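Throughout, read-outs are computed from the coordinates displayed, never taken from laboratory work. Predicted model, so just to flag it, every value in this text is computed and none were measured. FYI the Cβ positions are ideal-geometry reconstructions off the backbone, even for glycines, and counts take in every protein chain you see.
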Amino acid sequence: MPRFMYIWFRHLKTDWFSRRRPELRMLPFVLSSLQQGRVVIVAANSLAQAQGIDVGMAVADARAVLPCLEVIDDLPELASRLLKTLGEWCIRYTPVTAIDGEDGLLLDISGCPHLWQGEGAYLKHIVTRLRDNGYDARAAIADTIGAAWAIARYGRVKPIIEPGEQLDAIRSLPPAALRLDPVVVARLNRLGLVRIGDILSLTRQALRRRFGTELLLRISQILGAEKEMIVPIEPLLPFSERLPCLESICTASGIGIALQRMLEALCAKLQQDGKGLRKAVLTCYRVDGQVIRTEIGTSRASHHAIHLFKLFELRIPLIDPGPGIELFVLDAAATDEVSSLQQTLWAGDTDLESPALGELLDRLINKLGSDVVHRYLPDERHWPERSFKAAASLEEKTAAAWPCDRPRPVLLLSSPEPIEVSAPIPDYPPMLFRYRGRLHTIKKADGPERIEREWWLEKEEGQHRDYYSLEDAAGARYWVFRSGHYGMENTRWFIHGFFA
Amino acid sequence: MSMDQRNIIARLQQEILPLQGFKPVSLDAAADVRLGPMDRTFPNRRFPTGAVHEFLSSAPEQSAATAGFVSAIAGMLMQKGGVGIWIGCRRTIFPPALKAFGIDPQRMLFVDLLQEKELLWVMEEALRTEGLAAVICESPGLDFTASRRLQLAVEKSRVTGFVLRHTNRSPGTVACVTRWRITPLPSRTEEGMPGIGFLRWNVSLLKVRNGQPGSWDMEWREGSFRGIVPDLKSLSGEQRRKTG
């Protein structure tokens, strides 16, 4: 049997302003916004309401009633933002929370209250926490969403309706508790139907004829004959673990233990379904209402609890426990099928597909960022610095082969550095060159190897390069090139690499 | 010293080696690293795999020679497949060139870091990963504690690590198994032929635990190391005077 809880925030927006500016707590104040050329009150606090000022009045009229009234500009989107935050805060009590309209939260609490020793204590706990934080909240628990909504807003007797008793509980409530259109409510009132009990005594045919199907639907919903769907703030993930803590946790080792326990449970579930984790999000709900998120990613689907814990271990120092964490939620945000790798017969050699390598890379990437690990594939380009490209993945292959017919230096400078050269005759290798202030006398040389520029890719004018391999008297080997033809005005010499 | 005593000492030496982290590797499992004339200088008469080696260099030319020499060893380690990792901060290694040293550049992963202090952490993590063929790290700084950690990591995983230290400072004491310095040597071409010959290096093994340090001239030719005997003609005047 499902159970629902509805929390109604009577003065949601004004409570928030009072929380931010404590001096407002003792003053009647309203929030106003410009609507069709009039400044209209959109929210009023309880003190203002006690003076007869309510939502929908023009500010000028309200000022006439109460000259000392404080008027504050309304913030658009404030209500939905506040409800979202409050809804996320409520996830510590149940995983399914939803926003209802402008001023309410709906919680599917089926199977949750026993953790707080029953529904009475559960409701009291939530309402007390909200009231301590300055929110004027009313809550009710019932079998149906409609009944919880009605009792929270209009109930006067008791907030918790025992299973199956919603009919008796709503009989004495006004028709507005049925969540109806104001026009229909006005019509009901005009006809003298001022209690839900009066409406229920009429036949369904008569109701449908006079008030349309909406009223019948609402009645079915409140009594539980018709199911209602709720849209949770956080979509429920198939693989998710929750760990509520009796004592709030504020040490790194405590977080570690909690993580280990959740990961083991999560991985057992994943393993059963043959799935592996690609992305996991750890959400820590702090006692003071803050929510801290941290996430990890893996390069390959994994349900290896120890490995995943190692990835999270690097993040633990970044989690600020503040006054303490009371609930951990671990969600598998992305999962994939695990390709069950056949274990290699001769263990010892890693392949690019081996899980051990994948786990190492996951650790590096999660600590240092995704751009630290590179793997290169040959690229069919002319210039040496462009003759290789970064591979997108460990599996990527290319049809191009590594060129190995020409000598290539083992170290290549990221950009060629200019050198001073003296060469005897055109297109002969240099006799000597000066690099970083040192003179190198060339004993042996090879070349030239002309490498054309890639004019079809380049925007600016460039020159071809003539590369020479040189060896000096000490045996050091260099790769230098002349950019452009010999003896031209813009011809320059560069050193580009060192041979082994 | 009589023959008996020498045998006893040799046997004791063999018993000490495993205690120091030199585990005798079964012949078929071990990658075949052959260093020509240098092989007999190492404990167990084999280049120690599953250990951390330290290479010093001070000029870019020496760095290039070291990179070539290490690539050649890593190429031998990666001959039967396997993956290598090359870690550096301002890496200038040119991937296509690795092909010449027997490495398939696609099987080499490059880790490029922004901060030097992360180098050794990455290296340690990599060395802990069982089954990697070679882990090469260009890290100028390496102190005794860090090198001890690396050594402990490889004793478990049997990965071979290389630390390339490009530094002008004194290298200090480290717990690596060997310390090397590779200097390029002039290549030799046939009389009257133009061009540059096969790569030649002077390989000096400054330190080797339980082995015999020394200096060798080596040539990298067709995928293997060969020792070269310095011929008197190629020696400079000063060197000739030294050797007599």
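Would you calculate the separation in nanometres between label points at A:R195 and A:S110, each defined as 7 Å from the Cα along the Cα-to-beta-carbon direction?
In this crude label model, A:R195 to A:S110 measures out at 3.2 nm.
Write out the trypsin sites (Lys or Arg not before Pro) in region A:195-246 meeting two conditions: DSSP loop, and at most 14 other Cβ atoms within 10 Å of their Cβ.
Details: sites: A:R195, A:R204, A:R208, A:R209, A:R210, A:R218, A:K227, A:R242; in loops: A:R195, A:K227.
Answer in residue order: A:K227.
When the dipole is taken about the Cα centre of the protein assembly as shown, and only Lys, Arg (+1) and Asp, Glu (-1) are charged at their Cβ, what size is it in debye, to the nearest 20? If you can, show how the numbers build up before the last one.
Working: 94 positive and 88 negative charges, 205 e Å.
Computed about the Cα centre, the dipole is about 980 debye.
Can you find, among A:I306, A:A258, A:I292, the residue sitting farthest towards the positive end of the charge dipole of region A:240-337, where Lys and Arg contribute +1 and Asp and Glu -1 at Cβ?
It is A:I306.
Given A:K269/B:K117; A:K443/B:K117; A:K275/B:K117; A:K275/A:K367, which pairs have Cα atoms separated by over 31 Å? Display every interim value, and only then the final one.
Details: A:K269/B:K117 39 Å; A:K443/B:K117 41 Å; A:K275/B:K117 37 Å; A:K275/A:K367 24 Å.
Long pairs (Cα-Cα over 31 Å): A:K269/B:K117; A:K443/B:K117; A:K275/B:K117.
Cα-Cα pairs above 30 Å in region A:1-236: how many percent? Don't skip to the end; give the middle numbers.
Working: 9290 of 27730 pairs.
In whole percent, the long-distance tail amounts to 34.
Would you mind computing, in nm to one decimal, how far apart the modelled labels at A:M1 and A:A400 are, each placed 7 Å from Cα along Cα→Cβ?
Reported label-point gap for A:M1 and A:A400 is 7.1 nm.
Just to be sure I understand: if I project the alpha-carbon convex hull of region A:411-498 onto a plane and average over all orientations, what area do I get in nm²? Could you put the intermediate results ahead of the total?
Details: hull surface 23.9 nm².
Averaged projected area of region A:411-498's Cα convex hull equals 6.0 nm².
Report the per residue volume, in Å³, of the convex hull enclosing the C-alpha atoms of region A:209-264.
Here the figure is 162 Å³ per residue.
Could you please tell me the mean projected area of the C-alpha convex hull for region A:146-284, averaged over all directions and given in square nanometres to one decimal?
Numbers: hull surface 53.4 nm².
That works out to 13.3 nm².
Calculate for chain A the 222 nm mean residue ellipticity that helices alone would give, adding -39,500 (n - 2.57) per DSSP H run of length 4 or more and normalising by residue count, nearest 500 deg cm²/dmol. Numbers along the way, then the final one.
Working: 14 runs with 140 residues, N = 500.
The helix-only estimate for chain A comes to -8000 deg cm²/dmol at 222 nm.
Quick one: compute the contact order of chain B, relative version, from alpha carbon pairs under 8 angstrom and 6+ residues apart, as a percent. Don't skip to the end; give the middle numbers.
Numbers: 425 pairs, mean separation 53.8, N = 244.
22 percent.
Would you list A:L82, A:L217 from fewest to most Cβ contacts within 10 Å?
Fewest-to-most ranking of A:L82, A:L217: A:L217, A:L82.
Please compute the average number of Cβ atoms from other chains found within 10 Å of each residue's Cβ in peptide B:80-89.
4
Let me confirm one metric for peptide A:398-411, namely the mean number of other chain beta-carbon atoms within 10 Å of its residues' beta-carbons. Display every interim value, and only then the final one.
Working: counts 1, 0, 0, 1, 9, 2, 5, 0, 1, 5, 7, 8, 18, 13.
Mean number of neighbouring Cβ atoms from other chains: 5.
Would you mind giving the three semi-axes, in whole Å and largest first, of the ellipsoid equivalent to the protein assembly as shown according to its Cα gyration tensor?
On the way: eigenvalues 1196, 205, 101 Å².
For the protein assembly as shown, the ellipsoid semi-axes come out as 77, 32, 23 Å.
Normalising by the residue count of region A:1-236, find the relative contact order in percent from Cα pairs under 8 Å and 6+ residues apart.
On the way: 371 pairs, mean separation 52.3, N = 236.
So the answer I get is 22 percent.
Rounded, prolate or oblate: which fits region B:85-136, taking a ≥ b ≥ c as square roots of the Cα gyration tensor eigenvalues, rounded meaning a/c under 1.5, else prolate when a/b beats b/c?
Working: a/c = 3.18, a/b = 1.30, b/c = 2.44.
It is oblate, given that a/c is not under 1.5 and a/b is not larger than b/c.
At each listed q (0.12, 0.14, 0.15 Å⁻¹), what is the log10 of I(q)/I(0) that the Debye formula gives for chain B modelled as equal alpha-carbon point scatterers?
Scattering profile of chain B, log10 relative to I(0): -0.71, -0.96, -1.09.
Can you quote the Å³ per residue value for the convex hull of the Cα atoms in region B:1-130, rounded to an integer?
Values: hull volume 20.7 nm³, N = 130.
Dividing the Cα hull volume of region B:1-130 by its residues yields 160 Å³.
With a bin width of 5 angstrom, please list the P(r) values of region A:210-343 as percents of all Cα-Cα pairs, from the 0 bin to the one holding the largest distance.
Taking all Cα pairs of region A:210-343, the binned fractions are 2, 9, 18, 18, 13, 10, 7, 6, 6, 5, 3, 2, 1, 0, 0 percent.
Using just the Cα positions, wrap region A:367-474 in a convex hull and report its mean projected area in square nanometres, one decimal place. Let's see the in-between values first.
Values: hull surface 41.8 nm².
Directional mean of the projected Cα hull area for region A:367-474 stands at 10.4 nm².
Quick check for you: which residues of region A:400-433 have the amide N under 20 Å from the point 7 Å beyond the Cα of A:D379 toward its beta carbon?
Inside the label zone: A:400-406, A:408-417.
Are there GluC sites (Glu not before Pro) in region A:1-92 that DSSP puts in a loop and that have at most 11 other Cβ atoms within 10 Å, and which ones? Provide the component values of the computation, followed by the final result.
Numbers: sites: A:E23, A:E70, A:E77, A:E88; in loops: A:E77.
For GluC sites (Glu not before Pro) across region A:1-92 that sit outside H, G, I, E and B with at most 11 neighbouring Cβ atoms in 10 Å, the list reads A:E77.
Per DSSP H run of at least 4 residues, take -39500 (n - 2.57); add these up for chain B, divide by its residues and hand me the 222 nm value, nearest 500 deg cm²/dmol. Intermediate results must be reported in sequence, preceding the final value.
Numbers: 5 runs with 66 residues, N = 244.
Value at 222 nm, helices only: -8500 deg cm²/dmol.
Between beta-carbons, use under 14 Å as the cut-off and find the net charge around A:V287, counting Lys and Arg +1, Asp and Glu -1.
Numbers: positive: A:R92, A:R129, A:R286; negative: A:D132, A:E247, A:D288, A:D320, A:E326.
Taking every other residue near A:V287 into account, the sum is -2.
What order do you get for A:E214, B:E222, A:E313 when you list them from fewest to most C-beta neighbours inside 10 Å?
Details: A:E214 14, B:E222 6, A:E313 18.
Result, fewest neighbours first: B:E222, A:E214, A:E313.
Using a 10 Å cut-off around each Cβ, can you sort A:C404, B:C176 from fewest to most neighbouring Cβ atoms?
Working: A:C404 12, B:C176 26.
So the ranking, lowest neighbour count to highest, is A:C404, B:C176.
For chain A, what's the relative contact order in percent, using C-alpha pairs closer than 8 Å and at least 6 residues apart? Each step should come with its number before you reach the end.
Details: 840 pairs, mean separation 44.8, N = 500.
It rounds to 9 percent for chain A.
Would you mind counting up the charge near B:R221? Only other residues with Cβ under 14 Å from its Cβ, with Lys and Arg at +1 and Asp and Glu at -1. All intermediate terms of the calculation are to be shown ahead of the outcome.
On the way: positive: B:R34, B:R188, B:R200, B:R226; negative: B:E190, B:D217, B:E219, B:E222.
Local charge sum for B:R221: 0.
Give me the net charge for the shell around A:P430: Cβ to Cβ below 13 angstrom, other residues only, Lys and Arg +1, Asp and Glu -1. Display every interim value, and only then the final one.
Values: positive: A:R434, A:K443, A:K444, A:R482, A:R492; negative: A:E420, A:D427, A:D446, A:D466, A:E471, A:D472.
For residues surrounding A:P430, the net value is -1.
Using a Gaussian network model of chain B whose springs link C-alpha atoms within less than 10 Å, name the residue from B:T160, B:T66, B:T145 with the highest mean-square fluctuation.
In the Gaussian network model the winner is B:T145.
Order of A:137-143, A:107-113, A:37-43 by packing, highest average Cβ count within 10 Å first?
Numbers: A:137-143: 23.1, A:107-113: 18.4, A:37-43: 16.9.
Highest-to-lowest ranking by the protection proxy: A:137-143, A:107-113, A:37-43.
Return the distance in nm (one decimal) between the two label points of a simple spin-label model at A:K269 and A:I72, each offset 7 Å from Cα along Cα→Cβ.
My value for the distance between the label points is 4.1 nm.
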